[in-house]
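Notes for the one structure printed next.
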Amino acid sequence: MAEQEPELPNPTETHGPSPEQLQQWLGHGVCRQLGIYPIPEDFKLSVIVPVYNEVGTIREIVRRVRAVRLPKEIIVVDDGSTDGTREVLAAMEGDEDLRVFYHERNRGKGAALKTAFAHVGGDLVIIQDADLEYDPAEYHRLIQPIVEGLADVVYGSRFLSTGPHRVLYFWHWVANRILTTMSNMFTDLNLTDMETCYKVFRREVIEAIAPTLKQNAFGIEPELTAKVARRKYRIFELGVSYSGRTYQEGKKIGLPDAIKAFWCILRYWKWD
């Protein structure tokens with residue numbers, strides 16, 4: 001009799017214990033600390049990726065986002081790249097889970113986010129930079145307070161993290177601390193990292209504030225913070241790991257952006 005070939009696993013099936021089983025074995029409290037919790041059956045995460053001249057990292061960041069085991073859509077907005085990023089994205093456009101939008105000229109991170117916000121279809125929205133400084137493997141922990149009904153908005157702080165954190169520019173750290181402190185003074189929040197990339201929102205929050213957004217560059221960070229604070233949304237903060245880049249490696253934010261951020265803190269303190 002011919003030997004029967006072993007049945008291969010279906011790659012679309014989820015293998016291993018479910019969150020419910022792990023909660024039975026480890027206990028609810030331990031699982032919550034580990035970021036293990038049930039995800040609603042109809043849940044979807046919208047990952048929005050603003051991109052400008054990231055030809056060396058765009059494929060890798062999309063791969064890392066896809067590796068996260070959550071139902072999701074990926075929305076990439078190319079903000080007028082000139083280094084070949086647009087051609088890479090054009091070759092990826094047929095992928096089912098990926099939508100790509102293009103700006104004909106560079107308008108800034110805020111402009112790219114506003115374009116992406118208009119197309120989100122998920123229950124939650126997370127901002128993901130394309131430069132590999134932030135690790136998508138941390139999505140489960142970042143969305144947890146919202147999934148569990150505790151928060152409307154979550155910030156991923158680089159200054160609360162016990163994970164890896166690349167040591168780089170002292171004066172960037174000082175500027176971030178000053179801007180975060182100034183923002184907190186006007187918003188009456190106690191954030192540790194207002195300028196973080198990792199911001200997660202319920203879609204209803206985005207739908208409420210997106211039509212009011214005005215900043216096209218990095219001023220979008222204090223503008224978003226001021227507007228969620230003024231609307232009294234429940235904001236949580238969690239530590240995230242951070243692998244910062246040098247200017248030689250492509251870092252873009254600088255002193256003019258810090259000055260503009262300070263102006264935006266004042267501008268959006270009282271006015272939309």
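For the stretch 157-173, the count of residues that are crowded, with 19+ Cβ neighbours inside 10 Å, free of Cβ contacts under 8 Å to residues at least 24 places away in the same chain and more than 25 Å from Y37 (Cα to Cα) is zero. Scanning the stretch 41-77 for residues that are of a type in the set (D, E) and either surrounded by 23 or more Cβ atoms within 10 Å (Cβ to Cβ) or not in a helix (DSSP H, G or I) (or both) gives E41, D42, E54, E73. Report, by residue number, each residue of the stretch 182-223 that is buried (at least 19 other Cβ atoms within 10 Å of the Cβ) and out of contact with any helix residue (DSSP H, G or I) (no Cβ under 7 Å at 6 or more places or on another chain). Answer for the stretch 182-223, where residues must be buried (at least 19 other Cβ atoms within 10 Å of the Cβ) and out of contact with any helix residue (DSSP H, G or I) (no Cβ under 7 Å at 6 or more places or on another chain): T196, C197, F201. Across the stretch 102-129, the qualifying residues are those that are free of Cβ contacts under 8 Å to residues at least 60 places away in the same chain and closer than 20 Å to L45 by Cα, and the one among them that is surrounded by the fewest Cβ atoms within 10 Å (Cβ to Cβ) is H119.
Where strands (runs of 3 or more DSSP E) fall wholly inside the stretch 82-164, no range has 3 or more residues that are over 19 Å from the mean Cα position of the chain (by Cα).
Listed by first and then second residue, the pairs linking a residue in the stretch 134-147 that is over 19 Å from P50 (Cα atoms) to a residue that is assigned to a helix (DSSP H, G or I), with Cβ atoms under 8 Å apart and 6 or more places separating them unless they lie on different chains, are Q144/R32.
Read the figures in this text as sums done on the coordinates, not as results from a lab. Not measured: the values here are computed from a predicted model. Here Cβ is always computed from backbone atoms with ideal geometry, including for glycine, and neighbour counts include all displayed protein chains.
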